[in-house]
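Visitor: Starting off with a structure, shown below.
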Amino acid sequence: MAEWEYRSEIEGDVAFFRYAGENLERAFSEVYVWDLDKTYLDTSWASLSELWRTALEKAFQKKNIPGTATLVRALRAGWEDKRGQLAFPIYFITASPPQMEEKITQKLTLDDIKPLGAFYKDNLRNWKPSRWWRLTKQVGFKVQSLLQLRTRLKEDVRQVLWGDDSESDAIIYSLYSDICARRWTEKQLIDILSKLHVIGEQTETILDLQDQIPVHDPVEKIYINLATDTDPEYYLKFGRRCVPTINSLQASLDLFQDGRLSAARVLEVARDMRENYGITRAEMEASVDGLVRRQVLGLTAVQAILPELAAHDFVSRDFKTSVEPRPVGESQDGRVYRLEGTHEPWIPDGIDYLHESR
């Protein structure tokens, strides 16, 4: 056996590396799950040459999506501010092969991030003609990973999920939510999975895992990094809990609105993006304005954060959004679920997973 196999738990092509004990995993009421590729790290698997180049990179050569490391550390700091020094509950999922786990862990350590666990895709199992098609198909791998994680967590846990628009993450996360909530019959679910290229033993594994988890939808929020410039309007089909973002600042602004980040933490993300990635004041203003126009960021949050951003020259002092921010229409425990005048559901009934149109 390879060294990594001794350190991981393997089920099909899912290899899980645990970095925390089971008792700790079940202690958290809220857990963060972050897709690694094009969501946290700027990686690409579009060709064998890119795969090979990524595999050979040293840990310090791996590049972050702008602002992501600072955003994760800001979330951890906010968590610790509210709850003390209990470990920050974050997991990563990546289509990277488990042979890269050591380098990726080194990279996360350089970023001062210590996840509780990470899921890798053992694509060597798929490196034969009859399974080549599975090399680039991620729905089955990610849904299985999420369900395996779900079996480890508290019964009423809430999860905040991060993904991107290059690997159908909105579909994956919403389907995972449906599986947990039992929104589809077994026959319907098998049909959906089959049409999303999940078949055979992986479908059986997913159904077995569904039987092991409580009937409870743990998905609180979904953030989708628009790495390939998908139209944000497309994501309305997944409901308002799915928030597409063009950069880490937009994600941090919505997290601020929900009380998961303080204004000071939002400024840390903005500062990182300006000083280390060259994000301009005009781009930051466009980021704020985009969330307001899409009716994501409401009046209370805008009134609170704009003076802070302006005081540090992230936006101009006379900056105003192109449309008036809407007041909050529905909130609970500090989380905003609806702005006045919005009608799209938080979680739609019967999402059409099989067609790209809304």
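Visitor: Just to verify a result, which residue in segment 161-189, among those that are of a type in the set (Val, Ile, Thr) and in contact with a helix residue (DSSP H, G or I) (Cβ under 6 Å, 6 or more places away or on another chain), is farthest from Tyr40 (Cα to Cα)?
Guide: Within segment 161-189, the match that is farthest from Tyr40 (Cα to Cα) is Ile179.
Visitor: Suppose the filter is aliphatic (A, V, I, L, M) and either closer than 16 Å to Lys237 by Cβ or within 14 Å of the chain's Cα centre (by Cα) (or both); does Ile192 pass it?
Guide: Details: aliphatic (A, V, I, L, M): yes; either closer than 16 Å to Lys237 by Cβ or within 14 Å of the chain's Cα centre (by Cα) (or both): yes.
So Ile192 fits the description; yes.
Visitor: Surrounded by 16 or more Cβ atoms within 10 Å (Cβ to Cβ) and outside any strand (DSSP E or B): does that describe Val336?
Guide: In short, no.
Visitor: Looking for whichever is in a strand (DSSP E or B), surrounded by fewer than 23 Cβ atoms within 10 Å (Cβ to Cβ) and basic (Lys, Arg) here; the options are Lys221, Lys154. Which one fits?
Guide: It is Lys221.
Visitor: What are the residues in segment 329-358 that are acidic (Asp, Glu) and farther than 11 Å from Gly239 by Cβ, if any?
Guide: At the first step, the residues of segment 329-358 found to be acidic (Asp, Glu) are 330, 333, 340, 344, 349, 352, 356.
Hits for segment 329-358 are Glu330, Asp333, Glu340, Asp352, Glu356.
Visitor: Just checking, does segment 158-165 include any residue being in a helix (DSSP H, G or I) and either under 18 Å from the mean Cα position of the chain (by Cα) or farther than 19 Å from Thr39 by Cβ (or both)?
Guide: Just the residues of segment 158-165 that are in a helix (DSSP H, G or I), to begin with: none.
So far as segment 158-165 goes, no, none of its residues is in a helix (DSSP H, G or I) and either under 18 Å from the mean Cα position of the chain (by Cα) or farther than 19 Å from Thr39 by Cβ (or both).
Visitor: Arg293 - would you say it is surrounded by 19 or more Cβ atoms within 10 Å (Cβ to Cβ), basic (Lys, Arg) and either at pLDDT 95 or above or more than 16 Å from Ile246 (Cβ to Cβ) (or both)?
Guide: Taking the combined requirement at face value, the residue does not satisfy it.
For every residue, the table says whether it meets (1) modelled with pLDDT under 65; (2) surrounded by fewer than 19 Cβ atoms within 10 Å (Cβ to Cβ); (3) in contact with a Lys or Arg (Cβ under 9 Å, 6 or more places away or on another chain).
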position: Glu30; (1), (2), (3): no, yes, yes
position: Val33; (1), (2), (3): no, no, no
position: Asp37; (1), (2), (3): no, no, no
position: Ala55; (1), (2), (3): yes, yes, yes
position: Pro98; (1), (2), (3): no, no, yes
position: Asp112; (1), (2), (3): no, yes, yes
position: Phe119; (1), (2), (3): no, no, yes
position: Trp133; (1), (2), (3): yes, yes, no
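Visitor: Let me ask something else about it. Inspect segment 304-321 for any residue being charged (D, E, K, R), part of a loop (DSSP other than H, G, I, E, B) and under 21 Å from the mean Cα position of the chain (by Cα) and give the result as yes or no. Before the answer, list the steps.
Guide: Residues of segment 304-321 charged (D, E, K, R): 308, 313, 317-318, 320.
When the remaining residues are screened for being part of a loop (DSSP other than H, G, I, E, B), the result is 313, 317-318, 320.
Next cut, under 21 Å from the mean Cα position of the chain (by Cα) only: none.
Checked segment 304-321: no residue is charged (D, E, K, R), part of a loop (DSSP other than H, G, I, E, B) and under 21 Å from the mean Cα position of the chain (by Cα).
Visitor: Now for a separate question. Looking at segment 276-296, can you tell me whether even one residue there is within 21 Å of Arg76 (Cα to Cα), touching a helix residue (DSSP H, G or I) at 6+ places or on another chain (Cβ under 7 Å), hydrophobic (A, V, I, L, M, F, W, C) and not assigned by TED's automatic domain parsing to the domain that holds Pro66?
Guide: Step one: of segment 276-296, the residues within 21 Å of Arg76 (Cα to Cα) are 276.
In the following step, the residues that additionally are touching a helix residue (DSSP H, G or I) at 6+ places or on another chain (Cβ under 7 Å) were identified as none.
No - not one qualifying residue is present in segment 276-296.
Visitor: Further, regarding this structure: For residues in segment 278-290 being free of Cβ contacts under 8 Å to residues at least 60 places away in the same chain and outside any helix (DSSP H, G or I), which is surrounded by the fewest Cβ atoms within 10 Å (Cβ to Cβ)?
Guide: Here the residue is Gly278.
The values are calculated or read from the model by the stated rules, or taken from the named source; none is laboratory data. Bear in mind that the values here come from a model prediction, so they are computed numbers and not experimental data. All Cβ positions, glycine included, derive from the backbone under ideal geometry; neighbour counts span all protein chains shown.
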